[in-house]
1. Just to check your reading of the model, which residue among LEU43, LEU135, LEU128 is open to solvent by 50 Å² or more (accessible area, probe 1.4 Å) and over 15 Å from the mean Cα position of the chain (by Cα)?
2. Looking at region 56-97, which of its residues are in a loop (DSSP other than H, G, I, E, B), of a type outside the set (A, V, I, L, M) and under 18 Å from ILE45 (Cβ atoms)?
3. Looking only at region 106-121, count every residue that is of a type in the set (Phe, Trp, Tyr) and farther than 26 Å from LEU143 by Cα and tell me the total.
4. Could you list, in sequence order, the residues of region 25-38 that are in contact with a helix residue (DSSP H, G or I) (Cβ under 8 Å, 6 or more places away or on another chain), modelled with pLDDT of 90 or more and not polar (S, T, N, Q)?
Amino acid sequence: MSQQIYFLNGPNANLYGLDKSGTYGSESFASIVESCHCRAESLGITLVFRQSNHEGVLVDWIQEARQHAAGLIINAAGLTYSSVPILDALLMFDGPVIEVHMSNIWQREPFRHHSMVSKAATGVIAGLGVLGYELAIDAVVSLAGAKTA
Ligand code: DHK
C-alpha cells in the first residue's frame with residue numbers, strides 16, 4: 001500500500017474562495033481539494049483530506065492518523081490560536097507535522113500572531129495560498145520518506 005498522509009482543515013476552510021476580502025484567494029475549497037489530490041497522486045501517495053468545523057472531530061482525526069499516516073498537515077484555521085486539545089493530539093503524533101495557513105498570519109491582526117499548534121509542528125508554511133498547500137504535501141512526503149529511510 002502507498003504511503004498515506006493526512007491533511008486536516010479546521011473551521012470555515014470549506015468557505016475559502018467565498019470570502020469577500022479575498023484573504024483566502026478566489027479558488028473554491030473543492031478546487032483546492034482537487035489540486036491537493038493531484039499533487040499527492042503525482043508523488044504516488046494516498047492523501048486523506050478532511051475539513052471540520054468542530055475541534056473534537058479534528059482531535060479524533062489526529063488520533064486516527066497515529067495509526068494510519070506517515071505524516072500530517074494541518075490548517076487548524078481559527079482554532080490555531082487557542083486549541084490545547086489539538087496541540088496535545090499533535091504532540092502524540094510520531095511523524096512529521098506541517099502547519100499551513102493560506103494567509104500570512106503575521107501580516108494580520110495581532111491575535112493571529114501566536115499559534116498554539118506550532119510547538120508540535122516540524123515546519124510552518126503561511127501566506128502562499130494554494131501553493132502553500134501543495135508545498136506542504138511535498139514537504140511532509142519528503143520528511144516522512146527521510147525518516148523511514
Ligand atoms: C485560516 C483561518 O480560517 C483563520 O482563522 C486563520 C487561516 C488563518 C489561514 O490563513 O489559512 O487565522
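The values are calculated or read from the model by the stated rules, or taken from the named source; none is laboratory data. Computed from a predicted model, the values in this text were never measured in an experiment. All Cβ positions, glycine included, derive from the backbone under ideal geometry; neighbour counts span all protein chains shown. Surface areas here come from the heavy atoms of the whole protein model, side chains and all, with no ligands, DNA or RNA. Shrake-Rupley method; radii C 1.70, N 1.55, O 1.52, S 1.80 Å.
1. Matching residue, one of LEU43, LEU135, LEU128: LEU43.
2. PHE93, ASP94, GLY95, PRO96 - these are the residues of region 56-97 that are in a loop (DSSP other than H, G, I, E, B), of a type outside the set (A, V, I, L, M) and under 18 Å from ILE45 (Cβ atoms).
3. 1
4. Residues satisfying the conditions are GLU27, PHE29, ILE32, CYS36.
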